[in-house]
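Working notes, structure below.
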Amino acid sequence: MVLPLDLPLVPAPVSAKAREGRLPLAATTRVLGSSPAAGQLIDAVERRTGLRLTEVDSGPAEIELFVDAASSAPEGYTLEVGDRAILIGADEAGLFYGVQTLLQLLREDDAGWALLRADIADAPRFARRGVMLDVARHFFGVEDVKRFIDSTSALKFNHLHLHLTDDQGWRVHIDSWPLLTERAAATAADGAPGGFYTKDDYREIVAYAAARHMIVIPEVDLPGHTHAIGVAYPELVEAPVLNDALVTQSEQLGQPLPVAGEPYLGWGVGHSSVRIHEEETYRFVRDVVRELAEMTPGPYIHIGGDESLGTPQADFDLFAERATAIVVEEGKTPVAWHEMGSAAGIARGTIGQYWGMTTPTGTHAEEAAHFVERGGALIMSAADATYLDMKYTAEFPLGLTWAAIIDVRRAYEWEPTAVLAVPDEAILGIEAPLWSETTRTLDEVEQLVFPRAAAQAEIAWSPREGVGRTWESFRARVGALAPLWKAEGVDFHPAPDIPWSAR
């Protein structure tokens, strides 16, 4: 039997017990702790309440933050809120996540602002808890990405996958191939303005994410989704392959078909490929991977691999083997969409990202399993459960429907280890992608992401059979996040199946 959780926390902690009463907060409330998390707590409380708590470096304090590796598992924490609040993180990440829990305990009543009293012990189920932001179909600037990092790291996500390149645009500067951003970054889907990150911009994003214990994973999507490369360097790509589905979709949406050498303003897929048998292609791949690796302290480079519909299978497999080997040679772990599992010789240890359905179709399950056979592991992004760009309802103005219509309950009620016939330990965790075909602004992104990202956060963090791990419990708890999201400026969708709290 799953016990109810009587605290308004998302994701649900490993264990939590409410105490009677509240711990009042005022401007005189003292915060002790040398960690950056102490300052982050003070800033967040001020945004929420207008109260600026007092930071002290010694003596007694009403809120104390410490790091003690023996207190919990990595990224875990313990929290006691009684007459004082004592937060002990297993590491700095655990302290940061404990602060996010403290902020969810912050409530206003007629007596003013206070913390709900509780005893909590917590640590994550999966080490890999990710979100993806597609900045290629529509571009989002540095400040928008920072806002996205803030709102998702607050739910204890710890990886940000940036989809930096696609048919519609190339979004990061590469010194050795400067025409990528000179010629292939100015436009976006539907003719929207484009843009790109300078190297300083990219480093700023990486550093901002790291301060919130989030690892950035850059993706260069290859060998398909590469029309933009041809706008800059036509010698690197094949002529577009116009499949029937692409032609039909373009007619239905009133979008143009791809034309070699011209920016692509539609969002159909499967028509582009780099030239697999040209050595210049692999010089390009190596240069791009090397420059990204130099700017990316995290261990991963995502090399893409999805929807290469115009590439013969033997050519695709050859490219997959060479591209993953290049990533390894440049000192990073390759990540690829599950189709690259079709290549027998992908680099050992390559991580696969499964984006098929919760009930696998075609060869998707076999392709995904091959990563495990080659000493790698899997990230689960089942499209009919995790894709944040799918519509909530058929009438919702944003999003697509090709994978599914995903209401909040459907986003919550799936299990990452039950999709594929691989050992549970082969599942690193989950990632919830936001593809940006229909989203031009970050407000529109947030409408699609929240509250469904909270459902994915609970799946990734909370024990499968833990306290409160039911739909009825979750819907009540996520509804209690409304005041916090409003205070932080998160433009969430007030889904009608959630009882939203006013304070």
Sequence-separation-based contact order of the chain, relative, with Cα cut under 8 Å and 6+ spacing, percent: 15
ALA73-GLU92 pseudo-label distance in nm [points 7 Å out on the Cα-to-Cβ vector]: 2.3
Estimated FRET transfer efficiency (ALA26, ARG503; beta-carbon r; R0 25 Å; 0.05): 0.85
Pairs of alpha carbons in region 357-436 whose separation is greater than 21 Å (percent): 31
Phi-based couplings in Hz for region 293-304 (Karplus 6.51, -1.76, 1.60; Gly and Pro marked x): 4, 5, 9, 10, x, x, x, 10, 10, 8, 9, x
Cleavage-rule hits, GluC sites (Glu not before Pro), region 435-503, DSSP coil, Cβ neighbours within 10 Å at most 13: GLU465
Nearest-0.05 FRET efficiency for HIS277 and LEU309, computed from C-beta distance (R0 22 Å): 0.75
Degrees between helix 199-210 axis and first principal axis of the chain (Cα, 0 to 90, nearest 10): 40
Two-decimal log10 I(q)/I(0) for region 15-122, as the Debye equation yields it once each C-alpha is a single scatterer, q = 0.13, 0.18, 0.19, 0.21 Å⁻¹: -0.41, -0.81, -0.90, -1.11
In Hz, Karplus ³J(HN,Hα) per residue of region 119-135 (6.51, -1.76, 1.60; θ = phi - 60°; x = Gly, Pro): 10, 9, 10, 8, 6, x, 6, 10, 6, 10, 10, x, 10, 10, 10, 7, 9
Bins of 10 Å from zero: percent of alpha-carbon pairs in the chain: 4, 19, 30, 25, 14, 6, 1, 0
Counted charge near PHE140, where neighbours are those whose Cβ lies closer than 12 Å (Asp, Glu -1; Lys, Arg +1): -2
Length gained when the stretch SER176-TRP471 is fully extended (0.36 nm per residue, less Cα-Cα span): 101.1 nm
Rounded to 5, the percent of DSSP beta bridges in the chain classed as antiparallel: 35
Within region 341-403, GluC sites (Glu not before Pro) in DSSP loop having at most 10 other beta-carbon neighbours inside 10 Å: GLU395
Cα-centred dipole magnitude for region 355-499, charges only on beta-carbon of K, R (+1) and D, E (-1), debye, nearest 20: 280
In the chain, lysine pairs closer than 28 Å at Cα, eight or more apart or cross-chain: 13
Neighbourhood charge, 13 Å Cβ-Cβ cut-off, centred on GLY352 and excluding it, Lys, Arg +1 and Asp, Glu -1: -3
Relative contact order (%) - criterion: Cα under 8 Å, at least six apart; region: region 15-122: 33
LEU400/ARG52 FRET efficiency (R0 56 Å; Cβ-Cβ; nearest 0.05): 0.80
DSSP-assigned coil residues among chymotrypsin sites (Phe, Trp or Tyr not before Pro) in region 374-439, each with at most 13 further Cβ atoms within 10 Å: TRP402
Segment ALA18-LYS486, extension gain: residue separation times 0.36 nm, minus the distance between their alpha carbons: 166.0 nm
Virtual spin-label span in nm between ALA421 and GLU143, 7 Å along Cα→Cβ: 5.3
Packing rank of 112-122, 492-502, 307-317, where each peptide gets the mean count of other beta carbons within 10 Å, highest leading: 112-122, 307-317, 492-502
In order through region 161-173: 3J(HN,Hα) via Karplus (6.51 cos²θ - 1.76 cosθ + 1.60), integer Hz, x for Gly, Pro: 8, 9, 7, 8, 9, 6, 4, 7, x, 10, 10, 9, 6
Segment GLU204-VAL259, length gained on full extension (0.36 nm per residue, minus Cα span): 16.3 nm
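The numbers here are math on the coordinates, done by the rules we state, and not lab data. Values in this document were obtained by computation on a predicted structure and should not be read as measured data. Glycine also receives a Cβ, built like all others from the backbone with ideal geometry; neighbour counts cover every protein chain displayed.
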